[in-house]
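The values are calculated or read from the model by the stated rules, or taken from the named source; none is laboratory data. Computed from a predicted model, the values in this text were never measured in an experiment. So basically every Cβ, Gly included, is an ideal-geometry build from the backbone, and we count neighbours across all protein chains shown.
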Amino acid sequence: MRGASGGRRGGGLRRIVNLILLLPVIAVGLLVSLALVYSALTPPSTLMLGRWLTLRPVDRQAVSLDAISPYLVQAVVASEDQRYCLHGGVDWNALRDVVDDEEGPSRGASTIPMQTVKNVFLWPGRSVIRKALEIPLALVADTLWGKPRTMEIYLNIAEWGEGVFGAEAAAQRWFGKPARTLTRGEAALLAAVLPNPILRNPALPSRGVRAQAARIQTRMNGVTGLMGCLKR
């Protein structure tokens, strides 16, 4: 009887261990499946899901990349990821610079694909674990979605104010117009507030936001020739 009891306990322990070992495989399979679904359907961000779960309003109108002003695409590339068309989801050169930087990580190491998968699959805040997960997810997203679709998802889930998500909602909220008609200056202002969209207002920009928008407009001139990957 003792042997049978010990065998049952041993079998139960093995099943638990096997289940624990399977969890990462299940998680990877689920994320890849979601990524495939999101190739066609525009996903919510985890911030949007959090607001829905806490019964707070969400303003988001998903639109195609063709319905967004090219100026906004250009401004976001100039501000967030100037090598967008030159890397495969992760800018390894920027990451090496971060590792070598004694003052700690810089925002420039986070590419648009990394920011996109963070917003879609991961949690807000900063942590080494989350950053480590961003890297393989960004590589997968860049492969499955491609550059135009990744940009389209990013511009539909980026936060541009309290409860305001995506370029269309941002353009309507702050400038009273559709995203496709944003001017070069308005696009630069929207890109300038992305690092802190809750405290910065693109419609009533502070001196710092105006200065950042001016710098972005200057950079936009330099990235025009590096955006061939966004042509469909």
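With respect to Ala171, is the statement that it is outside any helix (DSSP H, G or I) and at pLDDT 95 or above true? No; evaluated as a whole, the condition is false for this residue.
Could you look through region 113-128, keep only residues that are part of a helix (DSSP H, G or I) and not polar (S, T, N, Q), and pick out the one that is farthest from Val77 (Cα to Cα)? Step by step, filter region 113-128, then rank; the result is Val128. Please verify whether region 147-157 includes one or more residues that are in the same structural domain as Pro43 (by TED's automatic domain parsing), out of contact with any strand residue (DSSP E or B) (no Cβ under 8 Å at 6 or more places or on another chain) and more than 23 Å from Leu49 (Cα to Cα). Scanning region 147-157, I find at least one residue that is in the same structural domain as Pro43 (by TED's automatic domain parsing), out of contact with any strand residue (DSSP E or B) (no Cβ under 8 Å at 6 or more places or on another chain) and more than 23 Å from Leu49 (Cα to Cα), so the answer is yes.
If you go through region 188-195 one residue at a time, do you hit one that is of a type outside the set (Lys, Arg), within 20 Å of the chain's Cα centre (by Cα), under 28 Å from Leu122 (Cα atoms) and part of a loop (DSSP other than H, G, I, E, B)? Yes, the conditions are met somewhere in region 188-195. Which of the residues that make up region 130-169 are within 17 Å of Val77 (Cβ to Cβ) and of a type in the set (A, V, I, L, M, F, W, C)? Passing the criteria: Ala138, Ala141, Trp145, Met151, Ile153, Leu155, Ile157, Ala158, Trp160, Ala167.
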